[in-house]
Structures are given as C-alpha cells and as structure tokens.
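Peer 1: Dropping the structure in here first, questions after.
No lab work stands behind these numbers, since they all come straight from the coordinates. Quick caveat, the model's predicted, so the values are computed rather than measured. Cβ sites come from the backbone with ideal geometry, for glycine too, and all protein chains shown count toward neighbours.
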Ligand code: PXL
C-alpha cells in the first residue's frame, strides 16, 4: 500500500489541515502518516482559540520512524507555525522522502495578507523550504510573499507565467498557483514544469462563496492523485473539480457551515474521478 506522510497542525474544529488531509488522502486509498505540529481548539480564524505547540515531540517521532525504516511515496507539508518547524520539515524531506514526492503547500496568506502571527521574514524561510520541494502549490498572495514582491490583485497571463518561472528558479521544479482567474466567474490553477518548460491551466466555473480549508483539501487531493499514479495535469484537474464539488454541496445545504466545506459528502464524487 502506498503511504504519504503529512506535517501540519490539528485544528480540532475547523475542517482544515490534518482534519482534512487525513480523511481525504485515506479515502483515496493511501495510508496516511501524520506529524501534528500543534493542537488548536479551532483554526485561527475563530476568536479565542487555544494552542498547544508540539514541536518538541517531533524529533522523537522522526527518530523512531527512522529506526522502524519507514519511507513514503510522498511527504507533504502544510500550515507550519515557526521557523523551527520549517527546519524540521527540511529534515523530514531528507530522511523520509528519498524516493518520494516532496510537496510544500506554504499555507500562510490569502487575499493579499499574511495570516495572523506570520511575518515577511517567516515567508522567506518558507521559501527556503520550497526550494527543497519537488512541487509547491501557493496561492498568488503566498507566491508574492515567497518571492518578496508586492501582491498584485489584477494580473494577466504573462504575469502569472513570470511568477511561476521565478518560483521554480530556486529549487522546486514544478509550481502550481491556485486561485487564478483571468475571466469573471472562472477560477482555476496555473502550473509550470521547469523540466519540460510547459505551462498548464485548468479552470472551472467559480462557486459563489469562498471557504476556509479549501486550499488544504486541494493540496491533499492533488498529492493523493499523484501518488495514485495520475499525471501532474490530471492531478490538478481532480483537485480543482473535487474542491468545486465540495463547495457546491455545501451551498446546497440550507444552514450550511460557514467555517468549512462538506468535503465528506463529496467522497463518492472524488472516488469516481479517480476511476476516470
Ligand atoms: O487552512 C490553513 C490553516 C491551517 N491551520 C490553521 C490555520 C489555517 C488558516 O488560517 O489557521 C491553524
């Protein structure tokens, strides 16, 4: 059985980070090993969340894993809370993804702003981690902070291509920008592979509302599809389609949950997409 290890926090309520990565990757038929970086009562968009840092635990976990001889087809990092955790993520890649895909989703910003608690200096450290990945999947805000350039709300295709080329100059050979739109009402992901010099854009009709945690669902689905042997392009398509279906099902409910999407109800759809 294929295995993915993922390092991110566990927000007990919030449908993001590990509470989506674990079920989504497992549903795709892949064993999921987790490195929880912190326990929060909710994600950080709620007021008054509790927080317990688990960084001190991680070294022991990794040492034990090494003794057991574990290795993974992919290692995927999400929301990380400190520079120390970034250093540990690099170690995780070096020790457990020797043959596997290293994916960094540099969760730290959206809509032109860093999430609470992050600084531009942290973003540059995150960029160092991105350099050690094979694939990175930032949104445009995160990409701007990674590159240390101002965030631009309006852009054209040339601008996006230029950002993608810059993102792949330092290390990761493939970059995917999520949340890209060139046309009112359409939304998708734009990708670049430095080795083939090929760009790829996939988009869908945009769902009317944006939800927290959809970036984590996107990245989990993408890496699950890759490890299931789907191509880079097909994996992007599956991730975009699944997230759209999650939002559609959420909005179809009268009293839907504001803090996260009904991804659980879209599992049958996801599994059908994997069969294509
Ligand atoms: O979805 C990214 C994420 C993960 N974990 C925590 C968060 C966020 C986004 O705000 O707060 C704790």
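Peer 1: With just the Cα atoms of the stretch 61-117, tell me how far they stretch along each of the three principal axes, in Å, largest first.
Peer 2: Rounded to whole Å, the extents work out to 42, 20, 12 Å.
Peer 1: For the stretch 22-82, evaluate the Debye formula with one uniform point scatterer on each Cα (no solvent term) and list log10 I(q)/I(0) at q = 0.12, 0.26 Å⁻¹, rounded to two decimals.
Peer 2: So the normalised log intensities work out to -0.40, -1.20.
Peer 1: Rounded to the nearest angstrom and ordered from largest down, what semi-axes does the equivalent ellipsoid of the chain get from its C-alpha gyration tensor (root of 5λ)? Mind showing how you got there, number by number?
Peer 2: On the way: eigenvalues 123, 97, 82 Å².
Rounded to whole Å, the semi-axes are 25, 22, 20.
Peer 1: Would you mind computing, in nm to one decimal, how far apart the modelled labels at residue 66 and residue 158 are, each placed 7 Å from Cα along Cα→Cβ?
Peer 2: 4.9 nm
Peer 1: Here is a further query. Just report the Cα centroid separation between the stretch 203-276 and the stretch 97-115, whole Å.
Peer 2: 18 Å
Peer 1: Mind listing the Cα extents of the stretch 184-276 along all three principal axes, in Å, largest one first?
Peer 2: So the extents along the principal axes, rounded to whole Å, are 47, 30, 20.
Peer 1: Now a separate question. Which whole-number percentage describes the relative contact order of the chain, with Cα contacts under 8 Å and a sequence gap of 6 or more?
Peer 2: Dividing the mean separation by the residue count of the chain yields 16 percent.
Peer 1: With a 10 Å cut-off between alpha carbons and a GNM built on the chain, which of 236, 247, 176 moves the most?
Peer 2: 247
Peer 1: Any chance you could run the full-extension gain for residue 111 through residue 183? It's 0.36 nm times the residue separation minus the Cα-Cα distance, nm to one decimal. Intermediate results must be reported in sequence, preceding the final value.
Peer 2: Working: separation 72, 0.36 × 72 = 25.92 nm, distance 1.75 nm.
Taking 0.36 nm per residue and subtracting the Cα distance, the gain is 24.2 nm.
Peer 1: Per-residue counts of other Cβ atoms within 10 Å, averaged by peptide: what ranking do you get for 218-224, 192-198, 69-75, highest first?
Peer 2: On the way: 218-224: 28.4, 192-198: 13.6, 69-75: 19.0.
So the order, starting with the most tightly packed, is 218-224, 69-75, 192-198.
Peer 1: Taking the Cβ of each residue in 166, 244 as the centre, tally the other Cβ atoms inside 10 Å and list the residues starting with the fewest. Could you put the intermediate results ahead of the total?
Peer 2: Details: 166 15, 244 20.
Final ranking by Cβ density, sparse to dense: 166, 244.
Peer 1: Got a sec? How would 108, 186 order by Cβ neighbour count within 10 Å, fewest to most?
Peer 2: Working: 108 23, 186 12.
Placing the least packed residue first, the sequence is 186, 108.
Peer 1: Here is a follow-up. How big, in percent, is the set of alpha carbon pairs in the stretch 59-191 lying more than 17 Å apart?
Peer 2: Numbers: 5108 of 8778 pairs.
For the stretch 59-191, the share of Cα pairs beyond 17 Å comes to 58 percent.
Peer 1: If each residue of separation counts as 0.36 nm, what is the full-extension length gain between residue 272 and residue 45 once their alpha-carbon separation is subtracted?
Peer 2: Full-extension gain reported as 78.5 nm.
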